[in-house]
Amino acid sequence: MEILVSILIGAAAGWLGSMIYRGSGLGLLGNIIVGIIGGPLGYWILGKLGVTLGGGWVGAILTGAIGAIVILLLINLIFKKK
């Protein structure tokens, strides 16, 4: 059950991150992967800044979206199409 919840939160965070950061789209599976990886990255970044977005689903999705935006930014910087 926890894996399913992580996938759903990751999908929502990845989708939200891709809507905020308008770069090249990664598709549904790519957004899920970026959101799942972006969750821990977002918590790490916000932890270093001393910021928390609260607990629960909304905080996890927003934190994951911040991490997803950072990952999408890096992906677009590395693999930028000319």
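No lab work stands behind these numbers, since they all come straight from the coordinates. Every value quoted in this text rests on a predicted model; they were computed, and no experiment measured them. Methodologically, a virtual Cβ is constructed for each residue, glycine included, from the backbone with ideal geometry; neighbour enumeration extends over all protein chains shown.
Once Rg and Dmax of the Cα atoms in Å is calculated for the structure shown, the corresponding label among (i) 18.5, 61; (ii) 12.2, 43; (iii) 11.9, 34 turns out to be (ii).
Mind pulling the angle between the C-alpha long axis of helix 56-78 and the longest principal axis of the chain? Nearest 10 degrees, somewhere in 0 to 90. Helix 56-78 sits roughly 20 degrees off the main axis of the chain.
Gain on full extension, evaluated as 0.36 nm per residue between Ile45 and Leu74 minus their Cα-Cα distance, stands at 9.0 nm. With the simple model of a label 7 Å out from the Cα in the direction of the Cβ, Leu4 to Arg22 spans 3.6 nm.
I need the chymotrypsin sites (Phe, Trp or Tyr not before Pro) found in region 39-76, filtered to DSSP loop residues with at most 15 other beta carbons within 10 Å of theirs. Within region 39-76, no chymotrypsin sites (Phe, Trp or Tyr not before Pro) qualify (loop, at most 15 other Cβ atoms within 10 Å). For the chain, the longest principal axis of the alpha carbon atoms and the long axis of helix 2-20 meet at an angle near 50°.
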